[in-house]
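Reviewing the structure listed below.
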Amino acid sequence: MAGSKRPRVRVLRPKRTQVLAARTYEQLVDREHSVRAVWAAVEALDMSDFERAIRARPHHAGRAAVDPRLLLALWVYGQMEGLSSAHAIAARLRTDVAYWWLCGGVNVSAHTLSSFMTRSGPAFRALLGKMLDELCGRGAVHRPRRLAQDGTRVRASAGAASFHRKATLQKRAAVAAAAGPCQQGASTKARAARKRARADLQARAALALAALPAAARRKQRAKGGAHGEPRASLTDPQAQVMRMPDGGFRPAYNAQAVSDVESRLALAGRVTDEGADAAQLLPMVQWVARVLGLRPDAWLVDGAYRNLKAFSALESQGIRVFSPLPARKNLLPPEGRRRGQRGDPSNAWRARMQTPAGKRTYAQRAPTAELLNAQVKERQGLRRLHVRGRKRAEAAWLLALVAHNLLLAIAQGWFDESEGSFLLTP
């Protein structure tokens with residue numbers, strides 16, 4: 001009614017200055033929360049390769065280092081939620097109780113997370129082999145006999161506008177070298193920052209200039225011949241413009257992964273600046289044999305890896321290759337081998353892929369290799385790299401493969417809660 005007074009009501013209003021009830025970190029998450037499974041799996045890993053780099057020792061002065069198990073658990077749980085950036089995970093440390101529970105009062109910054117990831121590439125690679133050996137020893141998985149390899153282009157942390165020709169790169173390097181000191185009255189911190197920026201620009205320009213000959217060779221090998229002058233990125237000199245799955249061309253790295261067909265565990269990984277997959281077959285086979293001690297019965301790859309010399313080398317070693325056949329004119333004639341191909345080991349691959357058994361075996365490649373790429377890029381969020389340089393990009397890729405294996409083990413129930421461990425530390 002117009003002119004009537006508003007009736008008085010009793011309501012509960014927030015009082016944000018009151019003290020919260022005391023709770024422990026253990027009470028923040030439920031017993032069935034997924035973060036507990038991640039921590040239980042990571043806590044029992046053999047982290048000796050990571051601990052060797054820690055200089056803080058008992059009875060010596062200095063601040064204690066953050067436990068590498070905690071840093072790895074933060075990365076794994078972050079990728080479980082689709083976070084592949086150190087800054088994105090660090091932002092969750094301020095708002096999400098699951099991350100509070102993981103840290104348990106330990107202060108972790110984005111710089112600490114990023115440094116741990118970029119410096120631990122060899123340790124991540126060794127951890128993949130240790131996980132496989134321990135799971136095979138416990139009987140959770142069988143020794144791999146059929147392996148699948150595939151590559152995927154991961155967007156680099158460099159823009160298309162950062163690619164310049166030789167003249168522009170030389171000009172930028174000269175400008176950086178001729179840059180004078182800060183204005184009079186600048187602080188010591190500002191002068192040091194300007195000096196570091198000038199040195200960093202000179203170093204990146206030198207790396208970009210050194211990468212131009214390789215870029216010129218790639219242009220000559222490309223279909224249609226060379227067009228225009230070669231260019232290199234001033235942001236990430238090792239990144240190359242590659243054809244992406246959507247058909248476009250963007251700066252990227254070629255990330256390779258080898259996985260077990262039966263268990264779908266990632267066994268090895270590598271990042272290269274070569275866009276073609278054919279040259280990545282033999283190096284991965286040799287690395288798996290030398291480091292993991294595996295001599296598989298079968299190696300499954302798609303048509304991008306078709307390399308008759310590599311196929312012949314694998315067939316001569318007793319490794320059967322399963323890869324789709326090219327055009328029908330290259331198939332084995334029904335009456336036998338042609339005269340020029342007599343004794344060629346790659347003929348066994350041609351004959352094998354014309355049989356129903358060979359086609360059924362090759363059909364197992366996509367649910368293994370393609371699923372791994374989709375898991376890492378779509379579920380774990382590694383659609384774009386947040387680091388620069390091939391070695392750092394490889395460390396990020398290997399970390400994603402380790403996280404994939406741990407999440408797969410938790411999902412498959414290889415984690416034995418009755419024993420309280422996932423991988424036993426020797």
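The values are calculated or read from the model by the stated rules, or taken from the named source; none is laboratory data. For clarity, every value in this text was computed on a predicted model and none was experimentally measured. As a convention, Cβ positions derive from the backbone with ideal geometry for all residues, glycine included, and neighbour counts pool all protein chains shown. The protein model used for the area step is the full one, side chains on, heavy atoms only, and it has no ligands, DNA or RNA in it. Shrake-Rupley method; radii C 1.70, N 1.55, O 1.52, S 1.80 Å.
Data for the structure
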{"quantity": "Strands (runs of 3 or more DSSP E) contained entirely in region 220-305, each with at least 3 residues that are farther than 30 Å from L169 by Cβ", "calculated": "249-260, 266-272, 298-300"}
{"quantity": "Residue within region 151-173 that is β-branched (V, I, T), at pLDDT below 90 and over 30 Å from L265 (Cα atoms) present", "calculated": "no"}
{"quantity": "Output for region 49-71, where each listed residue is under 23 Å from L102 (Cα atoms) and of a type in the set (A, V, I, L, M, F, W, C)", "calculated": "F50, A53, I54, A56, A64, A65, V66, L70, L71"}
{"quantity": "Number of the exception - S312 against (1) open to solvent by 10 Å² or more (accessible area, probe 1.4 Å); (2) under 28 Å from V141 (Cβ atoms); (3) at pLDDT 90 or above; (4) not in a loop (DSSP other than H, G, I, E, B)", "calculated": "(2)"}
{"quantity": "Residues satisfying the stated conditions in region 1-25, i.e. loosely packed, with under 10 Cβ neighbours inside 10 Å and closer than 18 Å to A98 by Cα", "calculated": "A22, R23, T24"}
{"quantity": "Qualifying residue in region 12-25 (condition: closer than 26 Å to V402 by Cβ and either over 29 Å from the mean Cα position of the chain (by Cα) or in a loop (DSSP other than H, G, I, E, B) (or both))", "calculated": "yes"}
{"quantity": "Test result for V175, more than 30 Å from R306 (Cβ to Cβ), surrounded by 12 or more Cβ atoms within 10 Å (Cβ to Cβ) and among the β-branched types (V, I, T)", "calculated": "yes"}
{"quantity": "Test: residue in region 54-70 that is within 31 Å of the chain's Cα centre (by Cα), open to solvent by less than 90 Å² (accessible area, probe 1.4 Å) and touching a residue at least 60 places away in the same chain (Cβ under 8 Å)", "calculated": "no"}
{"quantity": "Pairs with Cβ under 7 Å, 6+ apart, first in region 105-122 and closer than 23 Å to S48 by Cβ, second open to solvent by 20 Å² or more (accessible area, probe 1.4 Å) and part of a helix (DSSP H, G or I)", "calculated": "T118/R392; G121/K391; G121/E394"}
{"quantity": "Qualifying residue in region 113-128 (condition: more than 23 Å from Y77 (Cβ to Cβ), more than 14 Å from the chain's Cα centre (by Cα) and of a type in the set (S, T, N, Q))", "calculated": "no"}
{"quantity": "For W39: the one exception among (1) of a type in the set (A, V, I, L, M, F, W, C); (2) at pLDDT 85 or above; (3) exposed (fewer than 13 other Cβ atoms within 10 Å of the Cβ)", "calculated": "(3)"}
